[in-house]
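The values are calculated or read from the model by the stated rules, or taken from the named source; none is laboratory data. Bear in mind the structure is a predicted one, so any value in this text is a computation, not a measurement. Heads up, the Cβs are rebuilt from the backbone with ideal geometry, glycines too, and the neighbour counts pull from every protein chain shown.
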Ligand SMILES: [Zn+2]
């Protein structure tokens, strides 16, 4: 099963990676734990996605729950906004040079 293949590959969470966070998944965590591994359908099955390996990637359960029915493009757009916002915050951080 492709789910077991993902597990064997020890993949990181693609959603965390998009957000620039630590994408490490602890594959030892029991199913149902927010940090546990889930096989995420990139195109949801409800939208015609399949169980083929190229439609699956690893995600934390919590990230998968957060994503719900957002498309990959939406997730990447949110990640991009958040990353540029935090870069902006860094830019306007006051310096001690005054
Ligand atoms: Zn994650």
So which residues in region 32-42 are touching a residue at least 24 places away in the same chain (Cβ under 8 Å), away from the ligand (no atom under 12 Å from the Cβ) and on the phi < 0 side of the Ramachandran plot?
33, 39, 42
Is it the case, given these coordinates, that residue 61 is within 13 Å of the ligand (Cβ to nearest atom) and on the phi < 0 side of the Ramachandran plot?
yes
Looking across region 7-19 at residues that are in a loop (DSSP other than H, G, I, E, B) and under 20 Å from residue 77 (Cβ atoms), the single one that is nearest to the ligand (Cβ to nearest atom) is 13
Can you work out which of the residues in region 43-58 that are in contact with a strand residue (DSSP E or B) (Cβ under 7 Å, 6 or more places away or on another chain) and outside any helix (DSSP H, G or I) is farthest from the ligand (Cβ to nearest atom)?
49
Filtered residues of region 20-31 (kept if at pLDDT 95 or above and more than 8 Å from the ligand (Cβ to nearest atom))
20, 22, 24, 26, 27, 28, 29, 30
Which of the residues belonging to region 42-67 are surrounded by fewer than 12 Cβ atoms within 10 Å (Cβ to Cβ) and under 12 Å from residue 15 (Cα atoms)?
65
If a residue has to be over 11 Å from residue 18 (Cβ atoms), in contact (Cβ under 8 Å) with a residue 12 or more places away in the chain and in a helix (DSSP H, G or I) to count, how many in region 66-89 make the cut?
1
